[in-house]
1. Kindly establish whether Pro124 is modelled with pLDDT under 90 and either over 14 Å from the mean Cα position of the chain (by Cα) or buried (at least 21 other Cβ atoms within 10 Å of the Cβ) (or both).
2. From the set of residues in segment 30-69 that are assigned to a loop (DSSP other than H, G, I, E, B) and β-branched (Val, Ile, Thr), which is surrounded by the most Cβ atoms within 10 Å (Cβ to Cβ)?
3. Please identify the pairs in which a residue from segment 62-76 that is on the phi < 0 side of the Ramachandran plot has its Cβ atom under 7 Å from the Cβ atom of a residue that is surrounded by fewer than 16 Cβ atoms within 10 Å (Cβ to Cβ), counting only partners at least 6 apart or on another chain.
4. Output the residue which, of all residues in segment 136-166 that are closer than 20 Å to Lys26 by Cα and surrounded by fewer than 16 Cβ atoms within 10 Å (Cβ to Cβ), is nearest to the chain's Cα centre (by Cα).
5. Could you check segment 70-92 and list, in sequence order, the residues that are under 12 Å from Val123 (Cβ atoms) and buried (at least 19 other Cβ atoms within 10 Å of the Cβ)?
6. Could you grab me the full set of residues in segment 162-204 that are farther than 23 Å from Ile146 by Cβ and not acidic (Asp, Glu)?
7. I'm told Ser207 meets every condition in (1) under 24 Å from Gln52 (Cβ atoms); (2) more than 18 Å from the chain's Cα centre (by Cα) except one. Can you identify the failing condition by its number?
8. As an exercise: evaluate Leu88 against (1) within 26 Å of Lys26 (Cα to Cα); (2) part of a helix (DSSP H, G or I) and give the number of the one condition it does not meet.
Amino acid sequence: MAQLFEVHPENPQPRLIKQAVALLHKGGVVATPTDSSYALVCHLDDRDAVEQLRRIRQVDERHHLTLLCRDLSELASYARVDNRQYRLLKLATPGPYTFVLEATKEVPRRVSHPSRKTIGLRVPDHPVLLELLAQHGAPLLATTLIPAGETEPLNDAEEIRQRYQHAVAAVIDAGGCPLEPTTVLDLTPMGTGGDPEVLREGRGSLSALGL
C-alpha cells in the first residue's frame, strides 16, 4: 500500500517530506501536488523508476517528460539557454509554465525527446513541491497524473492512493490543486532568431510574458 503523507499546503512538515525523499532515493514514484495539478515524480537518474513512471501513465518515449527544477540556475544545467531565452524564463519562473528547450549532455538520453533532443523543464511555484525538490537536492522527472485513457488529472490524494496503491511508493496530500495545466512554450525557435511557439495555453498567463 502506498504511503500517504498529509502535509500543510503552505508550510509542509520537513520530516514528512524527508520520508518521501527517502522513497524517491530508493527508486519509488511519488504523487505530489503542483501549482497546476497532481503529478508523478521520480529520480532523474533511476532507469527503473523512469520506466515505472511511463508504465503508470502508459506513455512511450515520444511523450515529453518534464524536469522540475528548484530555480533557473539549476534549469540552465540541463538545457541550453541563450540570453534572449533566459530573459523570458526569468519573467516566467517560478510559475505554471513548461518550457521546451534543447537538452544538455547532463540529461540522460532516455528521458529527452528521441528525435529532437529536447526536454521539457519548469520551475514550479508550490511550497510542498519546492520543499520536496530542496530536500531531494536535484531536479525530479515528472508527468501530469492523468490516468490512462482519461483526459483530466486526478485531484484527490486518497483517490490517487486507492487507484495506484501498488504502483506508487507514496502520495503527498496537501489538498486539491488548481486543476489547470501549465502553459507550454517551445523556446527552441528563439535559438535561431525566431519567436516562442505556444504548444498549449494553460494556467500561465501569456500576456505576462508579452506574448
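1. The answer is no for Pro124.
2. Selected residue: Thr34.
3. Arg62/Pro114; Arg70/Ala134; Leu72/Lys90
4. Of everything passing the filter in segment 136-166, Ala138 is nearest to the chain's Cα centre (by Cα).
5. Of everything in segment 70-92, those that are under 12 Å from Val123 (Cβ atoms) and buried (at least 19 other Cβ atoms within 10 Å of the Cβ) turn out to be Arg70, Leu75, Tyr78, Ala79, Leu89, Ala92.
6. Listed by number, the residues that qualify are Leu187, Thr188, Pro189, Met190, Gly191, Thr192, Gly193, Gly194, Pro196.
7. Condition not satisfied by Ser207: (1).
8. Unmet for Leu88, out of (1) within 26 Å of Lys26 (Cα to Cα); (2) part of a helix (DSSP H, G or I): (1).
The values are calculated or read from the model by the stated rules, or taken from the named source; none is laboratory data. What you see is a predicted model; the values in this text were computed from it and never measured. Cβ atoms come from the backbone with ideal geometry, glycine included; neighbour counts cover every protein chain shown.
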